[in-house]
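Notes follow the structure.
The values are calculated or read from the model by the stated rules, or taken from the named source; none is laboratory data. Keep in mind that this is a model prediction, so the values were computed, not measured. Cβ placement follows ideal geometry from the backbone for every residue including glycine, while neighbour counts extend to all protein chains displayed. Surface accessibility is based on the protein's heavy atoms, side chains included, excluding ligands, DNA and RNA. Shrake-Rupley method; radii C 1.70, N 1.55, O 1.52, S 1.80 Å.
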Amino acid sequence: MGKEEVEMSSIAEHHEGQATHHGPPPPPRGWRRLLYPGLLRAAWMVPLFFGLGSAIVVLCRWWGGWHPIWFGEIIVLIGALTAAPIGFLAGIGAFDYWVRYCIGAPTEPEDHSRHGAYSWRDYFRVNTDHKVIGMQYLATTIFFFLAGGLLAMLVRAELAKPGMQFFDNQTYNGLFSVHASLMIFLFVIPAFAGLANFVVPLMLGAPDMAFPRLNALSFWLLPIAGIMMLSSFLVPGGAFAAGWTGYAPLSVHQPMGTIFFNMGVQWAGASSIMTALNFLVTIITMRAPGMTFWRMPLLVWANFTTSLLVVIATPFIAGSQFFVMFDRVMHTHFFDIGAGGYPLGYQHIFWFYSHPAVYIMMLPGFGIASEVISALSRKPIFGYRLMALSLMAILVLGFSVWAHHMFVSGMAPWLRVPMMITTLMIAVPTGIKVFSWLATIWEGKLNFATPMLWAVGFVSMFVIGGLSGIYLGAVPIDIHTSDTYFVVAHIHYVLFGGSLFTIFAGIYYWFPKMTGRQYNEKLGKLHFWLTFIGFNLTFFPMHLIGTQGMPRRVSDYDPQFGNWNLFISVASFFLGASTIVFLYNMVISMRRGAPAEANPWRALTLEWQVSSPPPIFNFDEIPQVVGNPYEYGVPGARHAVLNGDRAPTEEEIRSH
């Protein structure tokens, strides 16, 4: 028996005795309660670490003879945005195990008391259960989705008619900058990580992620990053206002809010890298016996390739933000052309991450769409191996197209045509996926439940976003439409019609598994149709006004675009209101929904072969994978054998 099987057997044995296990012990009483890991300890450790960080700044400036000794912006950077978050993480207990290890303290026996949720309080603690962490991710990202959506509605309120209505230019710039940053760094990327956190270990037949404590830490970095970005509105000068791209040298000379963006991206990026490394090790080393790479579900393939993208690309955006911060705080000249700096260098570094980031925000959605479409069409996924290989092709080609964002930036002209060619080439593996989904649906026994509506809606909207991307990938058209609302329409058809539609598909598809309750189907379908109609009414007209010359990122515009902007603003409020249906459905269904079956979709993948919600350690015994996960309609086909089950004999297969 291999090492992994021994570990999984011991976990299964622990699971058998978990009926008498009721979560973490009660905290101590008296003053010792202040030393117990949790929010109370964090309440005094945050100001303590802020004071330590500030003291280091003051001491260094006094030692170096720099005046003033108390320099507010550096105090905020080191004390509030670096040291205080570390104090928060230490306070809630995210570092306790590693600190004991580093100082040589005796090892405490692992009783798994912080693994699994036994009450609502366990969702507000450091928890090592991947299912709890997945739910923490989703709840947190939905909060930031609502915050980002509210900022978008404020933007549309300002643009409802020409002239300045509610905000000055700087405030308006801050609104759309924080909106985009929250939606990208605090919603789309971590929402996919949350769904994958819950589902991928179950799909692999694993008891948990490879590094449960690192998994817990990676989640708690997220609220730090999100609160940092939102709190930038409260500092003198307002929020960061150079767009989510933060182009230098503009961002270097913005008010103090810029450093909140610089550091928020660092915290969110660190979270992404930790999660990606965890997924890679989990997928490579913790697959159930018999699960070869060619038997993995496509969602696992999607998260494998996404994690490779994150690990390779994210350090580049971290570097770009550090350079901006150094130019601002330490008076370096990375992007100061007067002192020999290279302003275009920022854009090259930034987009070398941020175009792969588009695929970081898309590939998990591709995997979700594949799971939903295959299960609810009752057909094997068309071209499974080519679907997996196309994910790898996107991974490789994704690093060769970044400069198509810079066709009008003044970069070297010879770069344009090669980047145009690679941009058009990357449409090929994406097109393979679209045609495979259509072929899977073709002549299937379609079940248009809510997840299927979102998945089919995703395919249609993503095709529109992809086609506008082909236009923008062509140099002559891009020169005409660059920095217009055509680009705004394109990115929203890709990230809203693409990423958000698949996030909703995943939430509805796995809602019974995550909660043990069934959502309200009528409300789910109402949510889809309200969103689908509101989305198209909001963003499709932007193609038209963009080609007519309506510039993006402006708070006032030519009156000739007034009627279209009023229409778009009204539609955007309709779109925002559709989210109320989703929230109501989720809350009511979690509390009073009908009990869910273990496998309401009759799916073959491993997560549907256990109870809803799953046991604390996922499986009572090690699953044995014996076939492909998508053999719907194939007599006698099995993906895995578990729980005392057995594979059918040849005679039984022939009898069917």
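Observations
- Förster-model FRET efficiency, 41 Å R0, residue 120 and residue 234, C-beta, rounded to 0.05: 0.85
- Cα centroid separation - the range 286-301 against the range 368-405, whole Å: 16
- Farthest positive-ward along the chain dipole, Cα basis, beta-carbon charges - from 128, 316, 227: 227
- Membrane-span-like helices in the chain (whole DSSP H runs, Cα extent of at least 27 Å along the helix axis, mean Kyte-Doolittle hydropathy of at least 1.0): 39-64, 130-158, 212-231, 257-285, 298-325, 450-473.
- When the residues 102, 60 are ordered by accessible surface, computed with a 1.4 Å probe over the protein chains alone, the sequence from largest down reads 102, 60.
- Averaging Cα coordinates gives a centre for the range 455-533 and one for the range 330-354; these two points are 33 Å apart.
- Accessible surface of residue 76 - all protein chains present, 1.4 Å probe, nearest 10 Å²: 30
- Residue-level accessible surface for residue 622, protein heavy atoms, 1.4 Å, Å²: 40
- Area accessible to solvent at residue 521, 1.4 Å probe radius, in Å²: 60
- Helix-only [θ]222 nm of the chain, DSSP H runs n ≥ 4, -39500 (n - 2.57) each, per residue, nearest 500: -19500 deg cm²/dmol
- Full extension of the chain segment joining residue 386 with residue 103 gains 96.9 nm, where the gain is 0.36 nm per residue of separation less the Cα-Cα distance.
- Debye log10 I(q)/I(0) at q = 0.18 Å⁻¹ for the range 33-110, Cα point scatterers: -0.76
- When the residues 227, 74, 477 are ordered by accessible surface, computed with a 1.4 Å probe over the protein chains alone, the sequence from largest down reads 227, 477, 74.
- Given the alternatives (i) 116, 80, 57; (ii) 71, 67, 52; (iii) 80, 64, 47, Cα extents along the principal axes in Å as computed for this entry is given by (iii).
- Amide H to amide H, with H built 1.01 Å from N, residue 517 comes under 5 Å of 596, counting only residues 5 or more places away or on other chains.
- When 547, 515, 502 are compared by accessible surface with a 1.4 Å probe, the order from highest to lowest is 547, 515, 502.
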